[in-house]
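Q: Take this structure, written in structure tokens, and hold onto it; I'll ask about it next.
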Amino acid sequence: MPAKGLEETSYIPYKRYLMEIAFSGTRYGGWQIQDNTITVQGEIQRVLKNLYNRQFIHLIGSSRTDAGVHALGFAAAFLVPERPAIEPNYLMRALNRILPPDISIRSIREVPLEFHARYDTVGKAYTYVFNTALRSPFIPRGSWHIRRKLDKQRMIDASKVLIGEHDFSSFVVERSEIEDAVRTIYRIDFDFFDHYWCVTFVGNGFLYKMIRCLAGLLETAGAGDIDTAEAKRILEVRDRTVAPMTAPPDGLYLMKVFYDRTEMENFKLTKLPFAG
């Protein structure tokens, strides 16, 4: 039987491991297992089951990700069977040898048995990448290719109204399925790498497609279709139907899941998410 307060397993939990995972979301239906589509969770659990002698290993992720969304620092944890004994470094090498090339395990470490990958988070950082280059057949995936001229300062000004604790009902898809739409955005950073414009959102948590909805707002502001006052009105009216379109998933990256506030406060984007 599992220890009190732990999730059910077919084996006696021995340890808990926390993994940091990078993946390209292009060919996946998101992180969480779903019917009729391949998912990142499903791929990793399939390999873990083989490594642990056909014992089912359930991964608890730090959150969900939408279909097509990428990650550099997704977090997931699982209870470890006592046998076979696989140390974190060896397990990481084995996973990276077997997993598809668009999924990579960046680290594995032991955490307390009572640790929870979702509920113990203090925040997350997401980066959305806008591509303002001229149209070209050689533009790589991993960004939203913008076909109209954007103004940086308009985007920065509009972003300021989003910082702080707000009800983000205007920026969530399927609002009726969410009990509470109040979240806190601690900061929004802008970094410009030639024609790639990166907007990083650091907050205590984000709603379903919230970052993509916010990216759509910033693109609309940058194009001059709305000003800062209108962006504020859209936020305050708490109505998704008055907000701009949802940005595509291609440009969105989950950069880091934080379990330490100092690490979150010190987080800084230093290069393009897909720069390696």
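Q: Could you list the GluC sites (Glu not before Pro) in segment 1-79 that lie in coil according to DSSP, counting only those with at most 10 other Cβ atoms within 10 Å of their Cβ?
A: 8
Q: Also, I was wondering about something else. Output the peptides 25-32, 149-156, 69-76 sorted from most to least packed, where packing is the average of other Cβ atoms within 10 Å over each peptide's residues.
A: My ranking of the peptides, most packed first, is 69-76, 25-32, 149-156.
Q: Here's a follow-up. Per residue, how large is the accessible surface of segment 1-105? Use a 1.4 angstrom probe and give square angstrom.
A: Counting only protein heavy atoms, the per-residue value for segment 1-105 is 48 Å².
Q: Which percent of the Cα-Cα distances in segment 1-99 go past 23 Å?
A: 25 percent
Q: Still on this model: Tabulate in residue order the Karplus-calculated ³J(HN,Hα) for segment 194-209, using 6.51 cos²θ - 1.76 cosθ + 1.60 with θ = phi - 60°, rounded to whole Hz; enter x for Gly and Pro.
A: 6, 8, 9, 10, 10, 10, 10, 9, 10, x, 7, x, 9, 7, 4, 6
Q: Using helices alone, what [θ] at 222 nm do you get for the chain, with -39,500 (n - 2.57) per DSSP H run of 4 or more residues, divided over all residues and rounded to the nearest 500?
A: -6500 deg cm²/dmol
Q: Then there is this: Given a cut-off of 25 Å, name the pairs among 49/268; 15/209; 149/232; 124/160 whose C-alpha atoms lie farther apart than that in the structure shown.
A: Checking Cα-Cα distances, 49/268; 15/209 exceed 25 Å.
Q: Under a 5 Å amide H to amide H cut-off, with H placed in plane at 1.01 Å, what residues pair with residue 122 once short-range neighbours are removed?
A: The answer is 258, 259, 260.
Q: Give the share of C-alpha pairs in each 5 angstrom bin for the chain, from 0 to the last occupied bin, in whole percents, shortest bins first.
A: All Cα pairs considered, the percentages come to 1, 6, 12, 16, 17, 16, 12, 9, 6, 4, 2, 1, 0.
Q: Which percent of the accessible area of the chain is formed by carbon and sulfur heavy atoms (probe 1.4 angstrom)?
A: 49 percent
The values are calculated or read from the model by the stated rules, or taken from the named source; none is laboratory data. Because the structure is predicted, anything quoted here is derived from the model rather than measured. Positions of Cβ are generated from backbone atoms using ideal geometry, with glycine treated the same way; all protein chains shown enter the neighbour counts. These area figures cover heavy atoms from the full protein model, side chains too; ligands, DNA and RNA do not enter into them. Shrake-Rupley method; radii C 1.70, N 1.55, O 1.52, S 1.80 Å.
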